[in-house]
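The values are calculated or read from the model by the stated rules, or taken from the named source; none is laboratory data. Bear in mind that the values here come from a model prediction, so they are computed numbers and not experimental data. Please note: Cβ atoms are built from the backbone with ideal geometry, for glycine as well, and neighbour counts cover all protein chains shown.
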Amino acid sequence: MFWESLLVTFGMVFLAELGDKTQLATMLLATQKKSLLGVFIGASTALILASFLGVMLGNILTKYLPPNILKNGAGVAFIILGVVLLISQK
């Protein structure tokens, strides 16, 4: 069970982050900084912390809300965020 969760999570996060604005920002920082190791460690630490917060928040929320509501809520939140980003570009 652990290895299945680990591999599925790795695959999903890895594919989701490819070409993401986080990766693009990290590439931009790497072009401007002298310490590539510093950029790598900073970006990695930020992703680890963001993932940790997501896991903890997800764990807490599942105690109060059924998983299907969380899944649908996340989908609606992404749609709203997308619409807001499209509108704000004008």
Mind counting the residues in the range 50-65 that are surrounded by 10 or more Cβ atoms within 10 Å (Cβ to Cβ) and not in a helix (DSSP H, G or I)?
-> 2
Within the range 39-49, the residues that are over 27 Å from Asn72 (Cβ atoms), of a type outside the set (S, T, N, Q) and surrounded by 11 or more Cβ atoms within 10 Å (Cβ to Cβ) are Val39, Phe40, Ile41, Gly42, Ala43, Ala46
Filter result for the condition that a residue is part of a helix (DSSP H, G or I), free of Cβ contacts under 8 Å to residues at least 12 places away in the same chain and under 25 Å from Leu18 (Cβ atoms), over Leu47, Leu81 = Leu81
Within the range 2-39, track down each residue that is modelled with pLDDT under 85 and among the small types (Gly, Ala, Ser).
-> Ala16, Gly19
Which one is nearest to the chain's Cα centre (by Cα) among residues in the range 25-39 that are part of a helix (DSSP H, G or I) and among the small types (Gly, Ala, Ser)?
-> Ala25
Could you list all residues from the range 1-24 that are under 14 Å from the mean Cα position of the chain (by Cα), over 19 Å from Ile41 (Cβ atoms) and of a type in the set (A, V, I, L, M, F, W, C)?
-> Phe10, Met12, Leu15, Ala16, Leu18
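Restricting to the range 1-38, name every residue that is surrounded by fewer than 10 Cβ atoms within 10 Å (Cβ to Cβ) and of a type in the set (Lys, Arg). Outline the logic, then answer.
Step one: of the range 1-38, the residues surrounded by fewer than 10 Cβ atoms within 10 Å (Cβ to Cβ) are 1-5, 14, 18-19, 21, 31-32, 34, 37.
Once the filter is applied, which keeps residues that are surrounded by fewer than 10 Cβ atoms within 10 Å (Cβ to Cβ) and of a type in the set (Lys, Arg), the range 1-38 yields Lys21, Lys34.
Can you tell me which residues in the range 53-77 are in contact (Cβ under 8 Å) with a residue 12 or more places away in the chain and aliphatic (A, V, I, L, M)?
Of everything in the range 53-77, just one residue is in contact (Cβ under 8 Å) with a residue 12 or more places away in the chain and aliphatic (A, V, I, L, M), namely Leu70.
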